[in-house]
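*Asks:* After the structure tokens below, expect a handful of questions from me.
Bear in mind that the values in this text are calculations on the coordinates, not laboratory data. This one's a predicted model, so the numbers in the text were calculated from it and none came from an experiment. Cβ atoms come from the backbone with ideal geometry, glycine included; neighbour counts cover every protein chain shown.
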Amino acid sequence: MKHLLIGCAMSMEKQKHYIAMLLTQSIFAGMALFSKAAISEGMNSYVFVTYRQAFAIVALAPLAAFFERKSDVPLSYNILWKILLMSFISTLNLNLYYFSIHYTTATFAAATTNLIPAITFFMAIILRVEALSIKKSHGMAKILGSSIGVTGALVFALVKGPHLNFMNWSRGNTRETHNSNINYSLKEGWLKGSLVMLLANIIWSLWLILQVPIVKQYPAKLRLATLYCLFSWIQSSVLAMAMERNISAWKLKWDINLLSVAYCGVIVTGLTYWLQLWALEKKGPVFIAMFTPLSLIITAIVSAFLWKETLYLGSVCGGILLVGGLYLVLWGKNREAEREINDQILEIKDGTTVI
């Protein structure tokens, strides 16, 4: 009975991480959609980032003060400089992301972020944050899953094939959207936006990996997320004021711009920062990155049904590959975790160190 209760508790603990990441990726899908809508309406990307971080501070600061009021975690100068550096990396990532989304689309932005799992995985191996044993089944599963995930992302972004009609949309509308997509992709800005988006993904992968030691040194996650947003807001404000000096560009009205920055600041930055820091401490950076493909699938489905964007057979096949790669990597991670738990149990039982 005791072993059954322990097993149930471990199962529930695992489900918390999965639910947190599913929620995070759903929120990220909304971020791509809302951000593209606001920037397409003419909102300056640097101003967008500044307001986003300001809304995040307003959302996080009261939560940190209330839930972590009894947390006595010292903030040394060493930790403070690391937080400042991580804030700069986050600021750079956000500004590159919103700059590039101006020249691309929400679905394309979600598709390119699916390179993050592979980038994070290989960077984590190089920096020895993630263990890899190619002689074990779980090691091979992680390598194969990452490769399948990257392939799925490339198929989604590059392979079209026949279009799929939903809800009896007319062929004329589909053909018009298709021609519009082709004309848009031929613009010179598309290449610039794609390269900048790739750079933003690399920086985000680096941010995930560098978080691991900081979270261990400063476990007050809400307070840590608030400090990130505070420093990032200061940095973003300086950059935005240097890039956009027109006062009218800073005005917010009751429109999609206000809704977008509020959503991205309160929900995306405020909530997902804390969720990711919590999951990062428990499961590591690769576990978080492997859920990235879900935001692409959600974005594509919402765009197809709400805005009648054309959905192609290649996109569906790419999405299937993405999900397959995701679950293969997660299977490898679970097998690796189970092996570590079994080794710990044997070590405790025998009173010896198991290698």
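*Asks:* For the range 52-131, treating each Cα as an identical point scatterer without solvent, what Debye log10 I(q)/I(0) comes out at q = 0.10, 0.23, 0.24, 0.27 1/Å?
*Replies:* Once normalised to I(0) and log-transformed, intensities are -0.43, -1.14, -1.15, -1.19.
*Asks:* Enter the Cα centre distance for the pair the range 232-266 and the range 57-127, rounded to the nearest angstrom.
*Replies:* 18 Å
*Asks:* While we're looking at this one, here's another question. Arrange the peptides 260-270, 31-41 so that the one whose residues have, on average, the most other Cβ atoms within 10 Å appears first.
*Replies:* 260-270, 31-41
*Asks:* Once phi is turned into θ = phi - 60°, what whole-Hz ³J(HN,Hα) does the Karplus curve with 6.51, -1.76 and 1.60 give for every residue of the range 91-107, x standing for Gly and Pro?
*Replies:* 4, 5, 4, 5, 5, 5, 4, 6, 5, 6, 5, 5, 9, 10, 10, 5, 5
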